[in-house]
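To keep things clear, I will list the structure first and then write my remarks on it.
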Amino acid sequence: MSSKHGMGRYLRRVLGIGCIAAVLLAGCDLTGDDLPSFDLSVTATADYDTPLFFESAVITLTTNEDNANIHFTTDDRLPTTSSERYSDPIVISETTRIRARAFKDGTSGNPIDVTFSKAVEHDETVTLNNQDAYLVIANPSTNSPYKGFTMLQNPVDSSTSYHPATSHYEPSTQNGVTAGETSDFYRSIQEFNRTAVQHVGQTGRTGRSAMPRSASTTDPSWDTGTTRDMYINNQGATVPTTLREKRTKSLGNGAEVTLYIWVEDASWHDGGTKSYTLDQNQIDILADRFLHPDESAIYEWVVDIAGEPWGSHPYNDVIPPGEAEHIHIVLKDIGGDDSTGGGVVGYFWAIHNLLADKVSWLPGSNEGLYFFMDSVRYASGDGSGSWSADSGWPPVVFSTLAHEFQHMIHWYQKSIVHGLGTETWLDEMASMAVEDLVADKLEVAGPRGLPQSGGSYDYSTGSSNFGNGSRLSYYNAFTNYQLTFWGNSLIDYGKSYALGAYLMRAYTGHEIIRDIVQAADSGQGAIVQAVSTARGGSVTFGEILLDFGEAVLRSYDETAGEHVRMNHGSDGSSYTVSGAAFDYRLGSIDLYNVFQLDSGTTGPMTIPVSMVTDSYEFNPGTKYLIELGTGLSGDYTWEFALPDEVEYRLVTIDSKE
């Protein structure tokens, strides 16, 4: 691999003659009828008309106001009158951010902020033997898209570069995909959990040791048969519920935890009005899945994977530390729609971790660690009243309990322990990873989506095409979707699960998820910290994205190299990792066995290089699988130019034709 910044011989042929301009109309810092009014807009004009420049560029700054002075910076600082004064065109030879502002008679306009990106030329030469060639391109930025790709030498006829077993397409917009969107109600819960840290500590601190761990808001007199009006939203609405199960379990380390299962009265078999209602046997089975009296269950597994759901803290406006010993599950008809179709199966809402008498805007809170699960779906079994714990909605509910328990832990670790907001994409990734880790213990398909084999969990990659509608099928159809963006569609769940599934299989299973959840960072930095720990040295987010992309392309290969392996055996063997208290077994993933939704084809979506032009935009936190050619044999050299902010890797694999 080589990189060359000199590109004079291509300059006029590729770029032509023209200009690129960025304009921001000025405002005025001063107001009043007697103050002067100036047009202090600033225009930045470059001497090229494509997204990238090569050897150098000349930037001209102008303003419409006579006798105004333009001041600018190239070090990210906001320009002031002390900044360098513009007098002659600015010549740049590297990617440069220019911030400029016009000043006159004590008045200043709004600054412009423009980045001029330099192209970096690369060339790659390989010898192939019936192989497919790809560029994995990654933009590791947290918030900056970069535009531009120029193919300078392509030895492959682009008309033959389509993967015959893969549909090549892209969503028209990252934010506008509506297929499979979840409810606005659940979206509002996710957003509250993401930002709820702003409501913590507003009424002062108690001191980290001031509130004893034994302090609790759960009434010790509550027992089966106790009735309560349970808060169900942030407007003070309630539903009548009855406590149907209470059990306490010693955890073997001197601590114990008590589980409470509440059922809304309308969902109980005796007098309930819902289409499908619950009985005590169904409640006992749910309780056993979460906190079994004699065996390990969801509670122990997820705490081992992710950490404690609650504990010590210095705040007096959230539930006391003692609530860590009490977990509440509320079964109600979520949304009140009496539906057994798709929708929200369960949720954790951090609003119930707040104390209502300490938070002025909050009309009511249940003041404890609460999950809400949909009673009608769970009671309906297969959706029509035939009930089994092993099929239909019950296994989905059990898996969702593990998913929502991670959300509870994630909120405590990020918002309370570290005082951070949470990023939904990372939080959801961790929850689906937890589901994946406990799927075989629960004997459910989990987010990987491979059906049970003979009533048992299947660790193989699947012997035939599968997964239409699964998390991986959504990922396969949208492999270039922004990983660090959350739009609350099923596509978002697909790409977040795929990233978490890769990280666990390429590194240390549950340990990397625990490190991500407990890291003092709520975004991509948490992944960087966890992977750096796993690898025993510093690694960048760009490297992680490139490894992920390569792992996707090599997912058919059981012998793929270190850090790029998702497939640990197609014969049913599995990847086993040891936790502090339990072992976890992960099934293998071969994305070439998984459908792209309902397209009728399998394998990850790749983009033909002919579709990647100088106007192509590489979104932040995203990796792209660019297909150079398939079924190639012989010597090939590709020359191309990219923005120097993005990273790439050439990957060659056995031909999938």
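All of the numbers you see were taken from the coordinates with simple rules; none came from a lab. Since this is a predicted model, take the numbers as computed values, not measurements. Using ideal geometry, Cβ is built from the backbone for each residue, glycine included, and neighbour counts are taken over all protein chains shown.
Roughly speaking, what is the stretch gain from THR45 to THR576, that is 0.36 nm per residue apart minus the C-alpha to C-alpha distance, in nm to one decimal?
Difference between extended and current length: 185.4 nm.
Taking amide hydrogens as modeled 1.01 Å from N in the peptide plane, which residues meet the under 5 Å criterion relative to ILE607, leaving out close sequence neighbours?
LEU625, ILE626, GLU627
Any chance you could give the angle, 0 to 90 degrees and rounded to 10, that helix 280-290 forms with the longest Cα principal axis of the chain?
The angle comes out near 50 degrees.
Hey, with R₀ at 45 Å, roughly what FRET efficiency would ARG187 and ASP76 work out to, going by the Cβ-Cβ distance, to 0.05?
0.85
From the backbone phi of segment 228-244, what are the Karplus-calculated ³J(HN,Hα) couplings (6.51 cos²θ - 1.76 cosθ + 1.60, θ = phi - 60°) in whole Hz, Gly and Pro given as x?
Each residue's phi maps through the Karplus curve to give 8, 8, 9, 5, 10, 8, 9, 10, x, 5, 9, 10, x, 10, 10, 6, 9 Hz.
Could you order peptides 80-92, 480-492 by the average number of other Cβ atoms within 10 Å of their residues, highest first?
480-492, 80-92
Which percentage, to the nearest 5, of the DSSP beta bridges contained in the chain is antiparallel?
Bridges in the chain are about 85 percent antiparallel.
For segment 212-418, give me the percentage of DSSP beta bridges that are antiparallel, rounded to the nearest 5 percent.
For segment 212-418, the DSSP antiparallel bridge percentage is about 60.
Output wanted: per-residue J couplings in Hz (rounded whole) for segment 475-491, from phi through Karplus 6.51 cos²θ - 1.76 cosθ + 1.60, θ = phi - 60°, x for Gly and Pro.
Going residue by residue, I get 4, 4, 7, 9, 5, 9, 6, 5, 5, 9, 10, 10, x, 6, 9, 5, 5 Hz, with x marking Gly and Pro.
So what's the back-of-envelope 222 nm ellipticity for the chain, counting only DSSP H runs of four-plus at -39500 (n - 2.57) apiece and dividing by all residues, rounded to 500?
After summing the helix terms and dividing by the residues of the chain, the value is -6500 deg cm²/dmol.
Give me the net charge of THR559's neighbourhood, meaning all other residues with Cβ under 15 Å from the Cβ of THR559; Lys, Arg count +1, Asp, Glu -1.
-4
For the peptides 264-271, 596-603, 356-363, what is the packing order when you average, over each peptide's residues, the other Cβ atoms within 10 Å and list the highest mean first?
596-603, 264-271, 356-363
Give the separation of the Cα centroids, segment 502-565 to segment 596-647, in Å.
The two parts, judged by their Cα centres, are 22 Å apart.
Using the 10 angstrom Cβ neighbour count as an exposure proxy, how do ASP317, ASP39 rank, fewest first?
Fewest-to-most ranking of ASP317, ASP39: ASP39, ASP317.
So how far apart, in nm, are the two label points at SER615 and GLN280 if each is 7 Å from Cα heading toward Cβ?
Going from the SER615 label point to the GLN280 one covers 7.0 nm.
So who's got an amide H within less than 5 Å of the one on GLY364, skipping anything under 5 residues away but keeping other chains? H placed 1.01 Å off N, in plane.
Excluding prolines and chain starts, which carry no amide H, the hits are GLY236.
From the backbone phi of segment 56-61, what are the Karplus-calculated ³J(HN,Hα) couplings (6.51 cos²θ - 1.76 cosθ + 1.60, θ = phi - 60°) in whole Hz, Gly and Pro given as x?
So the J values, rounded to whole Hz, are 7, 9, 10, 10, 10, 10.
Assuming 0.36 nm per residue, please report the length gained on full extension of the stretch VAL91 to GLU256 beyond their Cα-Cα distance.
Stretched fully, the VAL91-GLU256 segment lengthens by 52.6 nm.
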